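Below is one structure, written out as structure tokens; the observations come after it.
The values are calculated or read from the model by the stated rules, or taken from the named source; none is laboratory data. All values derive from a computational prediction rather than experimental measurement. All Cβ positions, even for glycine, are placed from backbone atoms using ideal geometry, and neighbour counts span all protein chains on display. In case anyone asks, the SASA skips ligands and DNA or RNA and just uses the protein heavy atoms, side chains included. Shrake-Rupley method; radii C 1.70, N 1.55, O 1.52, S 1.80 Å.
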Amino acid sequence: MPLITSAGVGSGLDLESIIKASVDAENRPKMQQFAIKDERLSVELSAIGEVKSALSTLNDTVEKLADIDNFNKRVANITQPTSGDIISVTPTSDISVGNFDIAVQQLAQGSRAVSTDGAFDNADSVVSASGGTLSFAAGSKSFDLSVTAGMTLNELRDAINADENNFGLTANIVNTGISGVGSKLVLTSSVTGSSNNLVITSDTAEMDALETYDDTLNPTGGMIISADDEAKDAIISIDGLLVNSETNTFKDAVQDMTITAKAKSVQDSGGEYETAKLNIDYDRESVNTLIDELITNYNAVIGQIGFRTRIGEPLNGDSSMRSLDDQLISALSTSLTDAGPFESIFDIGLGVDDEGYLEKSSLVRSLNEAMDSNFDDIGTAFAGENGVAKQLESLLGNYVDSSGILKQREDSLNGQIKELEEDVLNHEYRMASLEDRLRKQYAGLDVLIAQMQQTQNYLGAQLANLPGFTSKK
């Protein structure tokens, strides 16, 4: 007998509808339960994720608050003279606040040596017929250069500039075009400082013209350093006190501060140098910004907890959320023992409103008033050993760390969702088995009815052919 692939084909009965209705009666209620549970778990997982994200952002801010260096910053306010910028300043966190008048009397410079008139006719003049070694030194820096036999002035310039050991010496040639003066070799050293003039020596008298002149040590030297071209210290005055430096950078001229001389001060008709007005103050703006960040991110957490625990929301009545809310308030209310006059952070211009949101408050004193009177104690209030940031850091870690409470909740919910997916697959398998069983059962019924109909038709045809049989019209 051919396989019946569509129930009811043989009998003409609507067996497909019967099978579908039977399977749906078993399938739909269960799938609705699965869908409801899946939505509940997904919504709860999403809510936990939103709270965790808000806590993580708050934790990032708390980590900054727990770093005392973020409260020890200083800011340098410079009023430059009308002629332009003469200094820049980099204060450290250890510097004391104060005001200074600073003038730049001299910028540091390296030395410059120039060959004597007539030493070289032109750039192609030979500097040494037999060769030798030139030694260059400035302060603690030096290098040697091998001069090959027949090397020209032009080749010497290139060799100096290209030497890999060159400490910052630049060679140039100035062609004067003046008879008896010829071409000038100009060597400029980048090594600054009054005791760091360029010194050039050689191992042969043939290269005397390339050695630096010294009326005592080397009177035959042909490279002259004029008084204006000597290496010099930078000199600044700080409130009238002179300070020297080999470079234009003055580290700790004022303790815990670096001053960089950028340009020489202009002198007035009386010889007085113009000054830059420097004010070193606490970096109030960065502290204000950090505390504003705390308020914003703390309130984002409180808002998430409030929203996710409302009636009809997935975390309504959740004990861990209630506990977190209480612990946050408790951490903010930490009693301070080493923060000067501040017994809690509510003494430094912060408060909590009726809905639990953190805000700036002047009930005791404003934040600006606290900074005016006890700036350093504000850092201790947050970042001290028993500070608020330390308490919050410990609390938040319990929730957002890789093994924290919210991570465990997420893992549990993800596990339940995974189990639900497996339950759905098992149920779908059972429904497929049920449909298969019903099809087999109804296939037998379909065949039986089809056979009975065939028998009925056969008997009817035989009876109709009997003599005297009259079919009923």
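Pull up the range 236-291, narrow it to residues that are among the polar types (S, T, N, Q), assigned to a loop (DSSP other than H, G, I, E, B) and out of contact with any Phe, Trp or Tyr (no Cβ under 7 Å at 6 or more places or on another chain), then point me to the one that is most open to solvent (accessible area, probe 1.4 Å).
Within the range 236-291, the match that is most open to solvent (accessible area, probe 1.4 Å) is S269.
Scan the range 191-205 for residues that are hydrophobic (A, V, I, L, M, F, W, C), within 54 Å of the chain's Cα centre (by Cα) and open to solvent by 40 Å² or more (accessible area, probe 1.4 Å) and report the count.
1
Exactly one of these conditions fails for D208: (1) closer than 20 Å to K141 by Cα; (2) over 57 Å from the mean Cα position of the chain (by Cα). Give me its number.
(1)
Residue check, L134 against (1) open to solvent by 70 Å² or more (accessible area, probe 1.4 Å); (2) in a strand (DSSP E or B); (3) under 22 Å from S226 (Cα atoms), all met but one. Which one?
Among (1) open to solvent by 70 Å² or more (accessible area, probe 1.4 Å); (2) in a strand (DSSP E or B); (3) under 22 Å from S226 (Cα atoms), L134 violates only (1).
How many residues are out of contact with any Ser or Thr (no Cβ under 9 Å at 6 or more places or on another chain), within 22 Å of T57 (Cα to Cα) and surrounded by fewer than 20 Cβ atoms within 10 Å (Cβ to Cβ) if we restrict to the range 371-402?
6
Among the residues of the range 30-56, what is the count of those that are at pLDDT 85 or above and β-branched (V, I, T)?
2
Could you list, in sequence order, the residues of the range 29-51 that are closer than 21 Å to S319 by Cα and open to solvent by less than 70 Å² (accessible area, probe 1.4 Å)?
If the condition is that a residue be closer than 21 Å to S319 by Cα and open to solvent by less than 70 Å² (accessible area, probe 1.4 Å), then L41, S42, V43, E44, L45, S46, A47, I48, G49, V51 are the ones that fit.
Of the conditions (1) part of a loop (DSSP other than H, G, I, E, B); (2) closer than 24 Å to E230 by Cα, L187 satisfies every one except a single condition; which number is it?
(1)
Give me a count of the residues in the range 337-355 that are modelled with pLDDT of 90 or more and either among the small types (G, A, S) or open to solvent by less than 50 Å² (accessible area, probe 1.4 Å) (or both).
Summing the residues that are modelled with pLDDT of 90 or more and either among the small types (G, A, S) or open to solvent by less than 50 Å² (accessible area, probe 1.4 Å) (or both) in the range 337-355 gives 8.
Which condition breaks for A231 when tested against (1) under 30 Å from T82 (Cα atoms); (2) open to solvent by less than 30 Å² (accessible area, probe 1.4 Å); (3) within 39 Å of the chain's Cα centre (by Cα)?
(3)
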